[in-house]
1. Going through the range 14-31 one residue at a time, which ones are of a type in the set (A, V, I, L, M, F, W, C) and either in contact with a Ser or Thr (Cβ under 9 Å, 6 or more places away or on another chain) or open to solvent by 80 Å² or more (accessible area, probe 1.4 Å) (or both)?
2. Any residue in the range 16-29 that is within 14 Å of residue 43 (Cβ to Cβ) sitting within a Cβ distance under 9 Å of a residue that is open to solvent by 60 Å² or more (accessible area, probe 1.4 Å)? List the pairs, counting only those 6 or more apart or interchain.
Amino acid sequence: LILMKSGYPPVTISFSDRAAYYEFLQLGNKGDIRPFLRFVAACTERTLDSYLEATDKHIVSSKEARKGFEGGSLKVISLLEF
């Protein structure tokens, strides 16, 4: 949350990546932060791809949105419903 408040994107590190996370974190604590940075960058890319994929399915053009509001048929979908 602190990083997100500072402008960093959210990052999801999956449970299956836990061992790698700790390994790279330990290497970083020993002075070599490059593997940790690469790992976090890959996790960030995967997380952002997931967000983009989720939102891409629910994006409508402004023309479609106006048409939907006029006809009363447009359903607004929140990401919180996922």
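1. 15 - this is the single residue of the range 14-31 that is of a type in the set (A, V, I, L, M, F, W, C) and either in contact with a Ser or Thr (Cβ under 9 Å, 6 or more places away or on another chain) or open to solvent by 80 Å² or more (accessible area, probe 1.4 Å) (or both).
2. Filtered contacts from the range 16-29: 20/13; 21/13; 24/33; 24/37; 24/38.
Matching residues to (1) at pLDDT below 95; (2) over 11 Å from the mean Cα position of the chain (by Cα):
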position	(1), (2)
1	yes, yes
27	no, yes
30	no, yes
40	yes, yes
46	yes, no
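The values are calculated or read from the model by the stated rules, or taken from the named source; none is laboratory data. Computed from a prediction, not measured in an experiment: that's the story for all the values here. Methodologically, a virtual Cβ is constructed for each residue, glycine included, from the backbone with ideal geometry; neighbour enumeration extends over all protein chains shown. With ligands, DNA and RNA removed, areas are computed over all heavy atoms of the protein, side chains included. Shrake-Rupley method; radii C 1.70, N 1.55, O 1.52, S 1.80 Å.
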